[in-house]
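The structure under discussion appears below in the form of structure tokens.
The values are calculated or read from the model by the stated rules, or taken from the named source; none is laboratory data. As the structure is a prediction and not an experimental result, all values here were calculated from the model. FYI the Cβ positions are ideal-geometry reconstructions off the backbone, even for glycines, and counts take in every protein chain you see. Accessible surface areas use protein heavy atoms only, side chains included; no ligands, DNA or RNA. Shrake-Rupley method; radii C 1.70, N 1.55, O 1.52, S 1.80 Å.
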Amino acid sequence: MILNDQGQILMQRNFMGWSTPGTRYDKRLTIEESLADLAEKYGVQVCDIRLAGLFSYRYSYTPAISTRSHYYVRLAGGSARPPKGFDELRWVDRDKVVGLMASETQKAPPALVELTRKMIEEPDRIWGGAFSIWQEGDLYKSQMVQPFYTLGYTAPLTSAAVASDASGPSSDGEPDTACIRPGAPAQT
């Protein structure tokens, strides 16, 4: 979830409906490198990576089981633009995100709506859970097979934290290394 300085979340729309930006990759990338790649595709820079959840997906149409990690990041600059394959981007108030995702035109699995709801409602926790996913026609269906559980706690990106100037110089005059700049090498 990319949050702007008003605490809104960036949402994307494609043929599946509305969701938060995400990425899949088959390359050997670190988490920071994959988030830098994602930010570059959306034309933004992001800071303050915070783990929000780890979820397992068991699919009926493939033998693979997928583990997906979800993060909060703060917008540090740039102008969001939809990458290829996406119809629209929109900054959405946190209390409206789930309603937008749960619209009747959604084709994505309801699991995405439920885990997003959990992460928004209780952003101070790192969430876990597991879902079974299957396809019916052009719709994806889901069922929770392991209830949500807490993996740990984090300091959420609140409006106060988002409004702070973490993308500027630090007290020693050096740039903040918590920011991910598209095209820049990952910080170590």
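Worth a mention:
- Filtered by the rule that a residue be farther than 25 Å from D87 by Cβ and within 13 Å of the chain's Cα centre (by Cα), segment 1-31 gives a lone residue, I31.
- Among (1) over 16 Å from R13 (Cα atoms); (2) of a type outside the set (G, A, S); (3) open to solvent by less than 50 Å² (accessible area, probe 1.4 Å), the one test that E121 misses: (3)
- Scanning segment 91-105 for residues that are crowded, with 16+ Cβ neighbours inside 10 Å and over 18 Å from F55 (Cβ atoms) yields V92, R94, L100.
- Residue among R90, R68, R74 that alone is charged (D, E, K, R), touching a helix residue (DSSP H, G or I) at 6+ places or on another chain (Cβ under 6 Å), under 17 Å from M1 (Cα atoms) and assigned to a strand (DSSP E or B): R74
- Some residue of segment 115-136 being modelled with pLDDT under 90 and either of a type outside the set (G, A, S) or touching a Lys or Arg at 6+ places or on another chain (Cβ under 7 Å) (or both): yes
- Summed over segment 18-43, the residues that are in contact with a helix residue (DSSP H, G or I) (Cβ under 7 Å, 6 or more places away or on another chain) and surrounded by 15 or more Cβ atoms within 10 Å (Cβ to Cβ) give a count of 4.
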